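The values are calculated or read from the model by the stated rules, or taken from the named source; none is laboratory data. Nothing here was measured: the structure is a model prediction, and the numbers come from that model. Counting neighbours? That spans all protein chains shown, and the Cβs are built from the backbone with ideal geometry, glycine included. Areas reflect the complete protein model, heavy atoms only, side chains present, ligands, DNA and RNA absent. Shrake-Rupley method; radii C 1.70, N 1.55, O 1.52, S 1.80 Å.
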Amino acid sequence: MAERDNRRGRGRREEETPEFADRLVAINRVSKTVKGGKRFGFAALVVVGDQKGRVGFGKGKAKEVPEAIRKATEQAKRQMVRVPLKEGRTLHHDVAGRHGAGKVIMRTAPEGTGIIAGGPMRAVFEMLGVKDVVSKSIGSQNPYNMIRATLNGLTKESSPRSVAQRRGKKVADILPKRDEAPAEAEA
């Protein structure tokens, strides 16, 4: 009965904030040994995003799985970051991120490539709204560290507009001229 109420409550919460999608990445059952036996708890790792350039992750711990997921989702919504996307589908440039022993490499990809990424990284890209990316995780297989490394790399991502603003130039001055490139190759 209580489980059905939690499901119904979760559905209501999703209706209140339809702009955010969430993905459960990992659930870990932990136990504490006490005098009468063992007490079990659950830790949940959730990635939340609006699929338009904002993403965040959170972790929650509780005695029941739905409560741990709820806590993780709330924390993820509070810790969202904005990532500039090229044409709303891929990254502007190749970037690497790291957290502890977890290292990730993310590369921009042509249209139609899809998301080439493993487990936790795939969840981040899907919630972010990236449609074409090639990525590789090196080092840690821990989902917590992989997600942190991915977000570390994504926060380093900068758009031509932000670079132009920082340098006090126009966007056209920063981007390579497409018309001049073939002429130089012929000469």
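With θ taken as phi - 60° and the coefficients 6.51, -1.76 and 1.60, list the Karplus ³J(HN,Hα) couplings across region 97-106 in order, rounded to whole Hz; mark glycine and proline as x.
Along region 97-106, the couplings run x, 8, 8, x, 8, x, 10, 9, 10, 10 Hz.
With springs only between Cα atoms under 10 Å, which of G53, G112, G88 fluctuates most in a Gaussian network model of the chain?
G112
When the chain is modelled as a GNM with alpha-carbon springs shorter than 10 Å, which of G97, G114, G60 fluctuates the most?
Answer for the Gaussian network model of the chain: G114.
Along Cα→Cβ, 7 Å out, is where each label goes; now give me the distance between the ones at E64 and Q79 in nm to one decimal.
About 2.5 nm separates the two model spin labels.
For A96, project a label point 7 Å along Cα to C-beta. Then give me every residue of region 129-144 with its amide nitrogen under 20 Å of that point.
In region 129-144, the label zone of A96 (backbone N under 20 Å from the point 7 Å along Cα→Cβ) covers 133-142.
Once Rh for region 18-60 is found with the Kirkwood sum over Cα pairs, what is the Stokes-Einstein diffusion coefficient at 10 °C and 1.306 mPa s, in µm²/s?
Numbers: Rh = 12.2 Å.
The estimated diffusion coefficient comes to 130 µm²/s.
Report, in degrees rounded to the nearest 10, the 0 to 90 angle that the Cα long axis of helix 143-156 makes with the longest principal axis of the chain.
30 degrees
Rounded to the nearest 0.05, what FRET efficiency is calculated for V171 and T113 with R0 set to 25 Å and r the Cβ-Cβ distance?
0.50
Can you compute log10 of I(q)/I(0) for region 98-187 with the Debye formula, treating each Cα as one identical point scatterer, at q = 0.16, 0.21 Å⁻¹?
-0.77, -0.97
Provide Rg and Dmax in Å for the chain, with only Cα atoms included in the calculation.
20.5, 84
Could you give each residue of region 46-62 its phi-based ³J(HN,Hα) in whole Hz, using Karplus coefficients 6.51, -1.76, 1.60 with θ = phi - 60°, and x for Gly or Pro?
10, 10, 10, x, 9, 6, 9, x, 10, 8, x, 10, x, 10, x, 10, 7
Once R0 is set to 25 Å, what does the formula 1/(1 + (r/R0)^6) return for the Cβ-Cβ distance between T155 and V30, expressed as a FRET efficiency to the nearest 0.05?
Values: r = 30 Å, r/R0 = 1.19.
Result of the calculation: an efficiency of 0.25.
In whole Å, how far is the Cα centre of region 141-182 from that of region 17-60?
Computed from Cα coordinates, the inter-centre distance equals 30 Å.
Mind jotting down a quarter of the surface of the convex hull over the alpha carbons of region 39-81, in square nanometres, one decimal?
Spelled out: convex hull of the Cα atoms, projected over all directions, averaged, 2.6 nm².
Amide H of H92 versus every other amide H placed in the peptide plane: which residues, excluding those fewer than 5 positions away on the same chain, fall under 5 Å?
K86
Taking the Cα atoms of region 27-128, what is the range of coordinates along each of the three principal axes, in descending order and whole Å?
Computed over region 27-128, the largest-to-smallest principal extents equal 59, 26, 22 Å.
Of G36, G168, G56, which has the largest mean-square fluctuation in a 10 Å C-alpha GNM of the chain?
Looking only at G36, G168, G56, the largest GNM fluctuation is found for G36.
Tell me, what is the 1.4 Å probe accessible area of F57, in Å² to the nearest 10?
30 Å²
Name all residues of region 108-122 having a backbone nitrogen under 14 Å from the label point set 7 Å from the Cα of K136 along its Cα→Cβ direction, giving them as ranges.
Answer for this model: 108, 116-118.
If you take the Cα Rg of region 101-148 and divide it by 2.2 N^0.38 Å, with N the number of residues, what do you get?
In units of the 2.2 N^0.38 Å rule of thumb, it is 1.09.
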